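S.K.: Take a look at this one; I'll ask things after.
The values are calculated or read from the model by the stated rules, or taken from the named source; none is laboratory data. Just so it is clear, the structure is predicted and the values come from calculations on it, not from any experiment. With ideal geometry, Cβ positions are generated from the backbone for all residues, glycine too; neighbour counts draw on all protein chains shown. Calculation scope for accessible area: heavy atoms of the full protein, side chains included, ligands and nucleic acids excluded. Shrake-Rupley method; radii C 1.70, N 1.55, O 1.52, S 1.80 Å.
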Amino acid sequence: MKKTFTLLLLLVTLGSYAQKSKLELNLQKDSVYNITADVKMDIDQLIQGTHQIIKSTITGVSAHKVLSVQDTLYTFEVTYKSLAMNMALGDKTISFNSADTDTTNMLSRVMHNMTGRSFIMVMSKRGKIVDVKNTENLFKDIFRGFPPIDEQKKAQALVQAQKSFNDKSIKGNFQESFVIFPKAPIGVKSTWSNQASIEAAAISIKTNTIFTLDNVTKDAYEISGLATIEPDKSPEFKSSSQFFMRLINVNGNTTVKATINKKTGWIIKSEIIKHLKGDVELKKTLSEPVMLTYPMVINIDVKSINN
């Protein structure tokens, strides 16, 4: 009797592990899915023997309305509902909040005017972002409600906003969160790998992530992942303050924890912890040689709770 009971338990366990699940997005037209993200980023730059530490926190809420479902593709209308950032460099602090009504804070006012405006994102059922477009819509009438302001300052604020919210940057930011789904049905403790290329600002990297389906509950899939980060194509120099810069020789690793809604495939919550390092190259002008090279270490912790 005891041996029979043990055998039954073993068969039940094997049966539960043998069941395979197909992890993919299963979204409904006209439904709205939200992402609430909290990003903490620490940057350590060793410039001429002195550590320069930059600490920043970025929070944002975006709404993703499904405009159409066509074969394996979803077309979303994405709208930022709120945006905020706090950055500390030594004794200097820069902050903005789209909810701030203080018209003297130019960045807050710019972000306020960007919220409620939409762009288009196309994503496959496996979470691959195929296209991001119409981001120029975010900047229409971006200075409405502003008091009289110097045109040069307006231009600088617009350029800064466009750097952070252009097609490539937005695609890279969202892609890393969604490139998690396997190609075929998998069972508990099974593993699969996904690759992604990310190009944003003055960095170009590729990641290879090994995922594991850790557990299946009544309502969700729980997965984890470990990624390696390597340089991709040679990044272009980008304007930064009074210089042009890029980050080369980038390498590092990323860990991922995510809980996925069984019915929709939408990520309920996730945490991505990233550690990377590389070398910064600075130029005074694009035509001049590199004037300074120094190492940089970046640690990023991204938490999101979605519905």
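S.K.: Suppose each label sits 7 Å from its Cα in the direction of the beta carbon; what would the LEU286-ASN26 distance come out to in nanometres?
M.R.: Taking the simple label geometry, LEU286 and ASN26 are separated by 4.9 nm.
S.K.: For the chain, with a Gaussian network of springs between Cα atoms less than 10 Å apart, report the residue from VAL179, VAL159, VAL280 with the top mean-square fluctuation.
M.R.: The residue that fluctuates most here is VAL159.
S.K.: Right, next: So how far apart, in nm, are the two label points at GLN162 and LYS233 if each is 7 Å from Cα heading toward Cβ?
M.R.: In this crude spin-label approximation the distance works out to 2.1 nm.
S.K.: Give the separation of the Cα centroids, segment 261-280 to segment 51-125, in Å.
M.R.: Comparing the Cα centres of segment 261-280 and segment 51-125, I get a distance of 17 Å.
S.K.: Then there's this: How high is the relative contact order of the chain, in percent, with contacts defined as C-alpha pairs under 8 Å that are six or more residues apart?
M.R.: 16
S.K.: For LYS262 and ILE248 in the same chain, what is the full-extension length gain: residue separation times 0.36 nm, less their Cα-Cα distance, in nm?
M.R.: So the chain would gain 1.1 nm between LYS262 and ILE248.
S.K.: Of LYS55/LYS140; LYS81/LYS183; LYS183/LYS263; LYS125/LYS277, which pairs sit farther than 25 Å apart, going by alpha carbon to alpha carbon?
M.R.: Listed pairs above 25 Å: LYS55/LYS140; LYS81/LYS183; LYS125/LYS277.
S.K.: Carbon and sulfur: what percent of segment 182-307's accessible surface (1.4 Å probe)?
M.R.: Whole-percent figure for carbon plus sulfur exposure: 55.
S.K.: Right, something else. What residue among ASP219, ASP232, ASP91 has the largest mean-square fluctuation in a Gaussian network model of the chain, using Cα springs under 10 Å?
M.R.: In the Gaussian network model the winner is ASP91.
S.K.: Tell me the trypsin sites (Lys or Arg not before Pro) within segment 185-280 that lie in a loop according to DSSP and have at most 12 other beta-carbon atoms within 10 Å.
M.R.: LYS189, LYS218, LYS233, LYS263
S.K.: Something else: Just to check I understand the Karplus step: with θ = phi - 60° and J = 6.51 cos²θ - 1.76 cosθ + 1.60, what whole-Hz values come out for segment 144-153, glycine and proline as x?
M.R.: 5, x, 6, x, x, 9, 4, 5, 5, 5
S.K.: Determine which residues of segment 49-87 fall in the zone a paramagnetic label at ASN299 would reach in this model, i.e. backbone nitrogen under 20 Å from the point 7 Å along Cα→Cβ.
M.R.: Of the residues in segment 49-87, 50-59, 86-87 have backbone N under 20 Å from the label point off ASN299.
S.K.: Tell me the mean residue ellipticity at 222 nm calculated for the chain from its helices only (DSSP H runs of n ≥ 4, each -39500 (n - 2.57), averaged over every residue, nearest 500).
M.R.: -5500 deg cm²/dmol
S.K.: Using 7 Å Cα-to-Cβ label points, what is the GLN52/LYS154 separation (nm, one decimal)?
M.R.: 3.1
S.K.: Relative to the longest principal axis of the C-alpha atoms of the chain, give the angle of the C-alpha long axis of helix 167-178, reported between 0 and 90° and rounded to the nearest 10°.
M.R.: The answer is roughly 30 degrees.
S.K.: For the chain, what does the accessible surface come to per residue with a 1.4 Å probe? Please give it in Å².
M.R.: 55
S.K.: When the label point is put 7 Å from the Cα of ASP38 along its Cα-to-beta-carbon vector, which residues of segment 248-268 have a backbone N closer than 14 Å?
M.R.: The answer is none, because no backbone nitrogen lies closer than 14 Å to the label point.
S.K.: Compute the angle between helix 2-18 and the longest alpha-carbon principal axis of the chain, please, reported from 0 to 90 degrees and rounded to the nearest 10.
M.R.: Roughly 40 degrees, rounded to the nearest 10.
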